[in-house]
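Single-structure report; data block below.
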Amino acid sequence: MSAKTDEILEQLKSLSLLEASELVSQIEEAFGVDASAPAGGMPMMMAAPAGAAVAAEEVEEQTEFDLVLEDVPADKKIAILKVVRALTGLGLKEAKDLVEAAPKAVKEAITKEAAEDAKKQLEEVGAKVAIK
């Protein structure tokens with residue numbers, strides 16, 4: 001530990017119970033947290049400052065992607081339909097409905113690699129595809 005944290009720890013050890021209670025109340029008020037004991041019996045900070053929660057969400061990396069069929073040229077429709085059927089396992093009617101409903105998600109919550117592979121297959125037959 002640093003000298004500063006060692007010094008703070010020593011000061012905390014010298015507080016009376018009343019002073020420690022007042023300190024906890026001031027910390028809760030200043031930082032918007034709740035230091036009451038959870039079911040396990042150990043005190044725990046219950047709420048983080050709003051700025052920390054937002055920062056954590058921004059850092060989270062996307063792991064699931066949606067493959068969206070954006071546009072289907074009329075002269076490429078049959079070839080695109082065949083690839084959509086192969087990728088999704090849909091029957092002819094369901095695949096046709098999906099292709100005609102573009103822009104529409106072909107596959108949802110898939111890995112980046114699977115999305116890239118499917119995108120490549122669809123683009124090779126003339127479809128315009130996006131990964132979201």
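The values are calculated or read from the model by the stated rules, or taken from the named source; none is laboratory data. Please read these numbers as outputs of a predicted model, since none were measured by experiment. For neighbour counting, all protein chains shown are included, and Cβ atoms are generated from backbone atoms with ideal geometry for every residue, glycine included.
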Task: Of residues in the stretch 90-113 being without any contact (Cβ under 8 Å) to a residue 12 or more places away in the chain and over 18 Å from LYS76 (Cα atoms), the one nearest to the chain's Cα centre (by Cα) - done: GLU113
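Residues are listed down the side, and each one gets a yes or a no for (1) assigned by TED's automatic domain parsing to the domain that holds VAL125; (2) farther than 26 Å from LYS132 by Cα; (3) modelled with pLDDT of 75 or more:
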site	(1), (2), (3)
PHE31	no, yes, yes
ALA39	no, yes, no
VAL54	no, no, no
LYS76	yes, no, yes
LEU98	yes, no, yes
